[in-house]
Structure formats: structure tokens, C-alpha cells
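Here's the structure, in C-alpha cells; my notes come after.
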Amino acid sequence: MSGVEFSHKLGLATIRDGQRVELSANEAERAVVAARLDLLGLDRLDAQLTLGRDGDEVRASGRLSAKVTQACVASGEPVPATVDQAIVLLFRPEPHGTPDEELELSEEDCDVIFHDGREIDLGQAVADELSLSLDPYPRSPKAEDALKEAGVLSEAEAGPFAALAALKGK
């Protein structure tokens, strides 16, 4: 889907320590994020962040809130959900090296968003955080019925003790 990305770029030179930033995605931006995250709907996407700066490293901490609608993994029915969580985003300059050089990343580096040395994009980082906070297997109230109808066994029916329970009745 083409459209307006949820982007909020800040030049590194303009970022002040303690700066507060409030982001709120408009309807077009929410539609693009919803399509990217395979959501049935995204009624609200907001973030309130406080920035901290140490050289070229920027730390954004605050709250992410959203109102989403996902598709049930079993029935496809809409499953509404609310996201309200604390977030911490750490932006660092992209590591330099030759294209063939292997870079070692520490465990701490895995939670880092790399930037180009000129600007950071808070909007895209917030949308990425939203994707990580979504339920990977949303289920509607009718999910169990849909799974049974499709012949999927429950954990109790397919677990290691199910065979023993079946033998007990014999």
C-alpha cells in the first residue's frame, strides 16, 4: 500500500537533552501502519517521549498507546486490543565497516536503532515498537469452535497424557 508513512524525523543537531515530543498518527499514517502490520484497523497510535542525548546517541523514553484490531488466527474475526506500555528507544550511529566485513553485535546492540549520523525517525521507531507489542496469536471468543471444526486438537487432546487418558478408559 502506498501512502504517507508515520514518520517523524529529527535532526541530531536540533535534539536537546530533556526535550519532550508527542506523536499522534493521523488517519492516512495509521492506514499505512495498519497495512504494514497486517491489522484490520488502527484507530489510535500515540507516543509521548522524553529525549536524552549523549553525543550522537539519543535515548527516547516514554509511553506508547494504540487501539488496534487484529484478525483472529483461527476464525479471522476482528479482535480489538489496546496497547499502553512504557517504551525506551536507543538510537546510535550505524556501525562502519566494509560490505564484506563481519560485524559483531552485542546483546545490547540488538535493541538499538541505527541512524545515519544526521537524523533519527521517531515515528518509524514507534511503529516498529507497536509491531513488537502486538499479540502474535490473537484469538476471538469463537476461536476454539473454529479450531475444533477444522480438526485441530487442543493441547489436552494432543499432549503426552492424552494417550494415557485414552488407555485409562479401556
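Screening residue 105 on (1) touching a His at 6+ places or on another chain (Cβ under 7 Å); (2) of a type in the set (A, V, I, L, M); (3) at pLDDT below 95 shows it passes everything except condition (1). Candidates are the residues of region 126-143 that are assigned to a loop (DSSP other than H, G, I, E, B) and surrounded by fewer than 12 Cβ atoms within 10 Å (Cβ to Cβ); the one that is modelled with the lowest pLDDT is 141.
One residue stands out in region 25-60 among those that are among the acidic types (Asp, Glu) and touching a Ser or Thr at 6+ places or on another chain (Cβ under 9 Å): the one that is nearest to residue 91 (Cα to Cα), namely 46. The residue of region 14-36 that is modelled with the highest pLDDT, among those that are surrounded by 16 or more Cβ atoms within 10 Å (Cβ to Cβ) and assigned to a loop (DSSP other than H, G, I, E, B), is 25.
Report yes if residue 63 is among the basic types (Lys, Arg), more than 24 Å from residue 115 (Cα to Cα) and modelled with pLDDT of 95 or more, otherwise no. No; evaluated as a whole, the condition is false for this residue. Filtered by the rule that a residue be closer than 24 Å to residue 70 by Cα and either exposed (fewer than 15 other Cβ atoms within 10 Å of the Cβ) or touching an Asp or Glu at 6+ places or on another chain (Cβ under 8 Å) (or both), region 42-51 gives 43, 44, 45, 46, 47, 48. Of all the residues in region 65-95, those that are touching a residue at least 60 places away in the same chain (Cβ under 8 Å) and of a type outside the set (D, E, K, R) number 10.
Scanning region 79-101 turns up one or more residues that are charged (D, E, K, R), at pLDDT 85 or above and over 19 Å from the mean Cα position of the chain (by Cα). Close Cβ contacts (under 7 Å, 6 or more residues apart or on different chains) running from residues in region 41-56 that are under 25 Å from residue 118 (Cβ atoms) to residues that are of a type in the set (Ser, Thr, Tyr) comprise 49/61; 50/61.
The values are calculated or read from the model by the stated rules, or taken from the named source; none is laboratory data. A quick note: this is a predicted structure, and the numbers were derived from the prediction, not measured. We place every Cβ from the backbone using ideal geometry, glycine too, and count neighbours over all the protein chains shown.
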